Amino acid sequence: MRIGISQRVEVISSYGERRDCLDQQWFRLLESLGFAPVPVPNSLSDVDDWLTALGIEGLILSGGNDLSHLPDASNASPERDDTERALLEAARKYGWPALGVCRGMQMMNVWSGGQLTPVVGHTAVRHPVSIATGAEACFRPYCEVNSFHNWGVAPAGLAAVLLPQLTSPEGDVEAFVHRALPWAGIMWHPERETPFSEYDMQLFNWIFRGTPCKH
């Protein structure tokens, strides 16, 4: 299964370059699951045509870069925002499964009509999570996650089409699923777990293959 994965943008001022990049751990994680990861460039003129030409069957919106519309956005990338909006349009159009990770979850929520709020104390830490009422089986084993974000999704800011699955100690949404589409969002980074988490690997198989979780 070919999974397109969005890339962060890093600006290299000394070279006058805007570079797309992706943590190498993403490739190790996805290949260990039997998926074929395909990085999505942020300079495509027609994202939909590119995705269909390469036979993409699912999408991951990865972390990094604040959304450009946020006040005092850090390392913002308007071209990435445009690319990820086009990715979500394509996923909805073709019924592809999609997973938003950290910034990717934020983008999914905003694109779906939700809002973000600033959070404090969620950068480079681990924290507990609570299971939301009616959470899907794949989310129930989680009791702690890593955290690398300054913006989050408060319950009041969650888009109406999304259902919370996990919450932080402050009550913010740490994971959601879409009510109608095969989409999910998570605020933690599965690629940064060493070794990779069994729960995350089951979650990926559930989202992209429809495999029931064992827990």
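The values are calculated or read from the model by the stated rules, or taken from the named source; none is laboratory data. Worth saying up front: this structure is predicted, and the values here are computed from it rather than measured. Neighbour counts are summed over all protein chains in view; Cβ atoms, including those assigned to glycine, are modelled from backbone coordinates with ideal geometry. Heads up: the accessible areas ignore ligands, DNA and RNA and are worked out on the full protein's heavy atoms, side chains in. Shrake-Rupley method; radii C 1.70, N 1.55, O 1.52, S 1.80 Å.
Below, the figures for the structure above:
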read-out: Solvent-accessible area per residue, Å², over segment 175-215 with all protein chains present [probe radius 1.4 Å]; value: 46
read-out: Max mean-square fluctuation residue, GNM over the chain, Cα-Cα springs under 10 Å, options Gly121, Gly157, Gly58; value: Gly121
read-out: Accessible area of segment 1-142 divided out per residue, in Å², using a probe of 1.4 angstrom; value: 46
read-out: Listed residues Ala156, Ala76, Ala98, most fluctuating in the chain (Gaussian network, C-alpha, under 10 Å); value: Ala156
read-out: Antiparallel DSSP beta bridges within the chain, percent to nearest 5; value: 60
read-out: Carbon/sulfur fraction of accessible area - segment 1-132, other protein chains in place, 1.4 Å, %; value: 49
read-out: Structure-based [θ]222 nm, the chain - -39500 (n - 2.57) summed over DSSP H runs of at least 4, per residue, nearest 500; value: -7500 deg cm²/dmol
read-out: Carbon/sulfur fraction of accessible area - segment 133-215, other protein chains in place, 1.4 Å, %; value: 55
read-out: For Ala98, distant residues with modelled amide H under 5 Å away; value: Leu59, Trp183, Ala184
read-out: Where no second cysteine Cβ lies under 4.7 Å, the cysteines concerned in the chain; value: Cys21, Cys102, Cys143
read-out: Alpha-carbon Debye profile of the chain, log10 I(q)/I(0) at 0.09 Å⁻¹; value: -0.32
read-out: Normalised contact order of the chain, rounded percent, pairs of Cα under 8 Å and 6 or more residues apart; value: 18
